[in-house]
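Here's a structure for you.
What follows draws every value from the coordinates through simple rules; no lab data is involved. Everything numeric here is computed off the predicted structure, so don't read it as measured data. No Cβ is skipped: glycine too gets one built from the backbone with ideal geometry, and neighbour counts run over all protein chains shown.
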Amino acid sequence: MALSTHDAFAAGGRRGRRRRARRGALSEINVTPLVDVMLVLLIIFMISAPLLTAGVPLELPKTEASAVQDQSEPLTVSISQDGSIYIQDSAVPFSELSPRLTAMAGEGLSKPIYVRADGRASYEVVARVMAALSTSGFSSINLITDTGGPSSGEGKRAEAPAQ
């Protein structure tokens, strides 16, 4: 009579089953909860990040210019539709604009200043603010616009008035 390897009464068969029935220590990490938490945090930061960047609500004009790649914290001057001037988030009268910006910049007059003007703001106010910044000694004055709009005038043709 021959014994097969699958015979339950074969020598050592009981020990083999007993070893298989035992479980060793589980050495795997369950990463599913970690991934769930990370996805929730990602969604929270994606929603809250744009809310932290804008100071004064403005409707910026659209141009074809690309976005600025400088990541340092600049000084921002905002001009609202009614001509109010803001440094960062605080309102400033025009007469205090240059002294306050000079004090904020310290000795770094080469620090970039971003001018954000509402598209419906008076050109005169925007020009006066930029001239005041220039005469104060600031050398890096940037005008901020939204991207994606026409700037070259192509596609819009002005029609001559009918006579």
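Under the rule of at least 5 residues apart or a separate chain, name every residue whose amide H is placed under 5 Å from the amide H of residue 76.
Here 88, 114 satisfy the definition.
I want to verify the translational diffusion coefficient of the stretch 62-147 in µm²/s; compute it with Stokes-Einstein, Rh as the Kirkwood radius over Cα pairs, at 25 °C and 0.890 mPa s.
Translational D for this selection: 186 µm²/s.
Sum up the charges of everything whose Cβ sits under 14 Å from the Cβ of residue 94, counting Lys and Arg as +1 and Asp and Glu as -1, but leave residue 94 out.
-1
For residue 103, what is the net charge nearby, where nearby means another residue's Cβ is under 13 Å from its Cβ and Lys, Arg count +1, Asp, Glu -1?
0
Also, quick follow-up: About its Cα centre, how strong a charge dipole does the stretch 62-147 have in debye, to the nearest 20, once Lys and Arg get +1 and Asp and Glu get -1 at the Cβ?
Charge dipole, the stretch 62-147, about its Cα centre: 120 debye, nearest 20.
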